[in-house]
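Novice: The structure's right below; bear with me while I get my questions together.
No value in this document is a laboratory result; all are computed from the given coordinates. Please read all numbers here as calculations on a predicted model, not as lab measurements. Backbone-built Cβ (ideal geometry, glycine too); neighbour counts: all protein chains shown.
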Amino acid sequence: MRNRPGHTLSRVLVPLGALLIALFVLLPLYWMLSSSFKTQYNVGASPPQYFPNPISTSSYRAAFSDGFGGFVINSLVVACCSTALVLFLGTLAGYAFGRLPVRGKYPLMVGLLMISVFPQIAVIAPLYLVMRDIGWLNSYQALIFPYTAFNLPFAIWILRNYFLGISMSMEESARIDGAGVLRTLWSVILPQVTPGIFTAGVFTFTACWTEFLMALSFDFGKKTIPVGIASFGTQFTVPYGAYFAASCIAVLPIALMVIIFRKAVVSGLTAGSVKG
């Protein structure tokens, strides 16, 4: 069977397809990285430079001179606080939906699924009025709590499906030994759902790190990275070098998280797709 034409063709097409996908993903990243080390004149040179010559860090200096360091700090505060809240609440809710007898469980899960696909732009105006009336505009909490609300349903679904794959015998043994619900969750269940927690955490952090619409609408003073990059330049100048440099720095935390937690993320997605 290995000598069949179809098998030989698949051995050629599969690596070729993987190579094309890799090039499709990596070439824009390479162009962004190489352009960030070009001078402002060479970024838009014709013919284009495929390798920066000379190598310059002027674009990075220009980005930080425009306040990019503050944008990074704001994004870190908002993304880390939102992710921590989502994981805390999502773990408790996912455990309740997956392991405990909750009345109206399935209508609530359907409602969470509907919230997760609800367009953000439909609630921007009401949320803006609420934030204005309670005095939260231009503050971190104006972004932390909406980000938590919009990312929580996804985390609950991921973690619930993961909780469903754990044997009930271990939980019953813990309860026989006198452990309560929270003690059982902390000591017995959580160590087994670590991949699911990492998966929800990585996706939540990425969503908060890259969100633009709410950050633009609610936070005029404490700009996050997407809004800060959009504010570069003036009416008559477009600093492409600063755009590329800031984008490289913005991509770095997400790339590191994916590289470090890649096995946990893949395991968590796989478990969430086949259980429940």
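Novice: With +1 on each Lys and Arg Cβ and -1 on each Asp and Glu Cβ, and nothing else charged, work out how big the dipole of the chain is about its Cα centre, in Debye to the nearest 20.
Specialist: 700
Novice: May I pose another question? Based on Cα positions only, what radius of gyration and what Dmax would you give for the chain, in angstroms?
Specialist: 23.4, 74
Novice: For Ser65 paired with Tyr140, estimate the spin-label separation in nm (one decimal), with each label point 7 Å from Cα along the Cα-to-Cβ line.
Specialist: 3.0
Novice: Toward the positive end of the charge dipole of the chain, about the Cα centre and with charges on Cβ (Lys, Arg +1; Asp, Glu -1), which of Ala45, Thr91, Ser58 goes farthest?
Specialist: Result: Thr91.
Novice: While we're on this one: Ignoring everything except DSSP H segments at least 4 long, calculate the 222 nm mean residue ellipticity for the chain; use -39,500 (n - 2.57) per segment, divide by total residues, nearest 500.
Specialist: Here the helix-only value at 222 nm equals -23000 deg cm²/dmol.
Novice: Oh, and also: Using the alpha carbon gyration tensor of the range 5-160, what are the three equivalent-ellipsoid semi-axes (square root of 5 times each eigenvalue), largest first, in whole Å?
Specialist: In descending order the semi-axes read 41, 31, 14 Å.
Novice: Among rounded, prolate and oblate, which fits the range 211-267 when a ≥ b ≥ c are the square roots of the eigenvalues of its C-alpha gyration tensor, a/c under 1.5 means rounded, and a/b larger than b/c means prolate?
Specialist: Oblate is the answer for the range 211-267, as a/c is 1.5 or above yet b/c matches or exceeds a/b.
Novice: Now, a different point. Using only alpha carbons, build the gyration tensor for the range 25-117 and give me the equivalent ellipsoid semi-axes, biggest first, whole Å.
Specialist: Computed over the range 25-117, the values are 48, 18, 10 Å.
Novice: A further question on this structure: Can you tell me the relative contact order of the chain? Whole percent, Cα pairs under 8 Å, sequence separation 6 or more.
Specialist: Once normalised by length, the contact order is 30 percent.
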